[in-house]
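*Asks:* Starting off with a structure, shown below.
The values are calculated or read from the model by the stated rules, or taken from the named source; none is laboratory data. Please read these numbers as outputs of a predicted model, since none were measured by experiment. All Cβ positions, glycine included, derive from the backbone under ideal geometry; neighbour counts span all protein chains shown. The accessibility values were calculated without ligands, DNA or RNA, using every heavy atom of the protein model including side chains. Shrake-Rupley method; radii C 1.70, N 1.55, O 1.52, S 1.80 Å.
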Amino acid sequence: NDRQIVEIMAVYAIGDVQGCYNDLQKLLEAIAFNPGKDHLWFAGDLVNRGPDSLAALRFIKGLGDSAVTVLGNHDLHLLALSQGNFRHKASDQTLKPILQAKDRDELLSWLRQCPLMHYDRKLDYAMIHAGLPPQWDVDTALARSREVETALRGRDYKYFCTHMYGNEPSYWSDRL
């Protein structure tokens, strides 16, 4: 009898790291995260508020294929700041180290490549930072997120970042 040992891969979803690198390390130790077999899903807001956004961002980026990250509003805010949009800069002291880091461009470029929504068809689970309009199905949500991702990754990136804030329109329209 040949017995095969099958290791079960775990998928852990983690939300709002918020620059709390040390707390993230404690959490990963508590769950015995193994990057060789487990996967982490980060539900946005990797940065801001906590004491070490730079270390958190570097670490999560360094996880490579062991992690999936979607963008949250604080991550988008960091990208906006990097392009000169200082409309909401009152509480951005925790982002300064990233904006002044030698590897700033590499980190921001990686962040720009992160999706707004992740859907694993095999597991039939989706992840997004802040929720979806109830009238959208998964395919509609993925299509809308790809529109924003295209803007973040494209030539009009700076324009997008300098115009992303606002409260208009107050409700969704297919014309947007």
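*Asks:* Out of all the residues in the range 109-134, which are free of Cβ contacts under 8 Å to residues at least 24 places away in the same chain, farther than 27 Å from Ile98 by Cβ and part of a loop (DSSP other than H, G, I, E, B)?
*Replies:* Arg121, Lys122, Asp124, Leu132, Pro134
Yes/no matrix, rows are residues, columns are (1) over 15 Å from Tyr165 (Cβ atoms); (2) modelled with pLDDT of 95 or more:
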site	(1), (2)
Gln18	yes, yes
Asp23	yes, yes
Asn73	no, no
Leu81	no, no
Arg87	no, no
Ala90	no, no
Thr94	yes, no
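*Asks:* For the range 135-152, enumerate the residues that are without any contact (Cβ under 8 Å) to a residue 60 or more places away in the chain and either within 19 Å of His74 (Cβ to Cβ) or open to solvent by less than 40 Å² (accessible area, probe 1.4 Å) (or both).
*Replies:* Passing the criteria: Ala141, Leu142, Ala143, Ser145, Val148, Glu149, Ala151.
*Asks:* If you don't mind, another one. In the range 135-160, what residues are over 23 Å from Ser109 (Cβ atoms) and either hydroxyl-bearing (Ser, Thr, Tyr) or part of a loop (DSSP other than H, G, I, E, B) (or both)?
*Replies:* Correct list: Gln135, Trp136, Asp137, Thr140.
*Asks:* Something else: Take Leu99 and tell me if it is outside any strand (DSSP E or B) and either over 12 Å from the mean Cα position of the chain (by Cα) or of a type in the set (Lys, Arg) (or both). Lay out the reasoning, then the answer.
*Replies:* Working: outside any strand (DSSP E or B): yes; either over 12 Å from the mean Cα position of the chain (by Cα) or of a type in the set (Lys, Arg) (or both): yes.
Spelling it out, Leu99 is indeed outside any strand (DSSP E or B) and either over 12 Å from the mean Cα position of the chain (by Cα) or of a type in the set (Lys, Arg) (or both).
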